[in-house]
Amino acid sequence: MFGKRAQPPSPTASAPEPAAQPAAQPAAPSEARHEVPPPAIAAAETENAYYQIKTGIFDALLDTIDLTQLGRLDLSAKREEISDICREIINVKGYVLGPSKEEALIGDICNDVLGLGPLEPLLARDDIADIMVNGAAKVYIEVGGKIELTPIRFRDNAQLMNICQRIVSAVGRRVDETNPICDARLADGSRVNVIAPPLSLDGPALTIRKFKRDKLTLEKLIDFGSVSPPCATVMRVASAARCNVLISGGTGSGKTTLLNCLTRFIDLGERIITCEDAAELQLQQPHVVRLETRPKNLEGVGEITMRDLVRNCLRMRPERIIVGEVRGPEAFDLLQAMNTGHDGSMGTLHANTPREAVSRLENMIAMGGFNLPAKAVREQISSAIDVIVQAQRLRDGSRKITHVTEVLGMEGDVIVMQDLFVYEYLGEDERGRVLGRHRSSGLRPHFWEKARYYGMDRELMAAIESST
């Protein structure tokens, strides 16, 4: 496939040594270089020849194909038409390729024309969590929580930039020298970030946070060991009982995945409005309104911020407001919504502990220029947030729910919190995987009254008491 480096040819056997030379001197370095080229050089020559052939076929294809007629065909017919034309070009130009290499080359060209080029094989793999492209020559992936360098590469930075523009233009955005930073999404909801030259010095940097085709659920997180069954029950009750939940964690810790899992327990009759920078939440309820921010246009106007969306939500008769990521002054508007009858609202933010999550909310409100006393801000937070769920990616690459923490209220100028569940580190096994368990504090949750109102109080207390 395009982008996969050709396997270096196995070095040829060296010439037999002269007979009866008990103390034969090794060949001089210059002589050895003349006999067999180093494998890296041979592989590079083979790869360059492959790309030259591919470029020749691609250029001839663009001169031959009728784009107007191609646009009327469906995807499978387009791929078949392009494949037929490529085979004709190969025969006319007299390229000598083996059957397998010819099919791989034609598949690469089809991906270039119809898809995302060398990224297509990576997007088809369900075990990859992130794709990180650092210029045309380096493509990294995250598998099992670990980052690996792949043999995939682009023809040049121009091809990579063309694919970046193809991605962002599909959602009505643009990326170029005047607008070098862009957030977008793929058709399946996977999050995309592009930063282009001149800000990125080594060529365009493309980052894709992939969504799995098989959507994760709390049950699957239990199977993976990310959360224990009693801890999952407490989170499920908190979501169903209309608690205001904040999901905190670092980059790549699984905040959005967990948010998707918790929204599954929202009643089907509720009206939900989501606000995101790039729409990636995948709610299953029938009554969902999805809102997305908009960047400035070429004239530098027309921007719609996250705060604009959250404020507009209040005029749309929402029952729950879901904010994909709280990262600025929209935190104040979300707290206002939570405090004015929109119970069960949720959001995510970046923080390392539940206590830091509260501090970050204070800082984001201050960033918005709100001239409020610190105590008044903390009272807003303590009355709005019911539960903070902390997600973390551990050093072995696994993702765990490390805290389920309640916000109880204020004592003086301090926000009082209590842990319902904490992940205890117990060590690691022979493979270096982290071992631990989710321990319950045994305390009755402060939202027990809400759970009782929805008939979930016994289930909640059974989960708390089962893992003390």
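Any read-out appearing in this document is the output of simple, stated calculations on the displayed coordinates, not a laboratory observation. The structure presented is a predicted model; accordingly, all values stated were derived computationally and were not measured. Because the Cβ atoms are built from the backbone with ideal geometry, glycine has one as well, and the counts that use them run over all protein chains shown.
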Full extension between Ala137 and Leu114 adds, at 0.36 nm per residue less the Cα distance, a length in nm of 6.1 nm
Separation between the Asn91 and Ser169 pseudo-spin-labels, each 7 Å from Cα along Cα→Cβ, expressed in nm?
3.3
Using a ≥ b ≥ c from the Cα gyration tensor of region 256-396 (square roots of the eigenvalues), is it rounded, prolate or oblate, where a/c under 1.5 gives rounded and otherwise the larger of a/b and b/c decides, a/b for prolate?
rounded
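Within region 158-188, list the trypsin sites (Lys or Arg not before Pro) lying in a DSSP loop whose Cβ has at most 16 other Cβ atoms in a 10 Å radius.
Listed in order of number, the matching sites are Arg174.
Rounded if a/c is under 1.5, else prolate if a/b beats b/c, else oblate: with a ≥ b ≥ c from the C-alpha gyration tensor eigenvalues square-rooted, which is the chain?
The shape class here is prolate.
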What angle do you read, to the nearest 10 degrees and between 0 and 90, between the alpha-carbon axis of helix 229-240 and the longest principal axis of the chain?
70
R0 of 41 Å, Cβ-Cβ distance Ile222-Ile65: FRET efficiency to nearest 0.05
0.20
Diffusion coefficient, µm² s⁻¹, Stokes-Einstein with Kirkwood Rh over alpha-carbon pairs of region 261-310 at 37 °C and 0.692 mPa s
266
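Please report the antiparallel percentage of the DSSP beta bridges confined to the chain, to the nearest 5.
70
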Provide the gained length on full extension for the span Arg393 to Glu299, in nm with one decimal, where the gain is 0.36 nm per separating residue minus the Cα-Cα distance.
29.7 nm
Cα-centre dipole for region 218-466 with unit charges at Cβ (Lys and Arg positive, Asp and Glu negative), debye to 20:
200
If you line up the long axis of helix 39-64 against the longest principal axis of the chain, both from Cα atoms, how many degrees apart are they, to the nearest 10?
80
Tell me what the chain gives for mean residue ellipticity at 222 nm when only DSSP H runs of n ≥ 4 count, each as -39,500 (n - 2.57), the sum divided by the residue total, rounded to 500 deg cm²/dmol.
-11500 deg cm²/dmol
Everything considered on the Cα gyration tensor (a ≥ b ≥ c; rounded for a/c under 1.5, else prolate if a/b is larger than b/c, else oblate), region 185-325 must be described as oblate
Residues with beta-carbon under 14 Å from that of Glu449, excluding Glu449: net charge, scoring Lys, Arg +1 and Asp, Glu -1?
+1
Rounded to the nearest 10, the angle in degrees between the Cα long axis of helix 75-93 and the longest principal axis of the Cα atoms of the chain comes to 20
Where Lys and Arg each count +1 and Asp and Glu each count -1, what net charge lies around Gly344 among other residues with Cβ under 14 Å from its Cβ?
+1
Pulled fully out, how much extra length does the chain show between Asp127 and Thr353, if you take 0.36 nm times their separation in residues and subtract their Cα-Cα distance?
78.5 nm
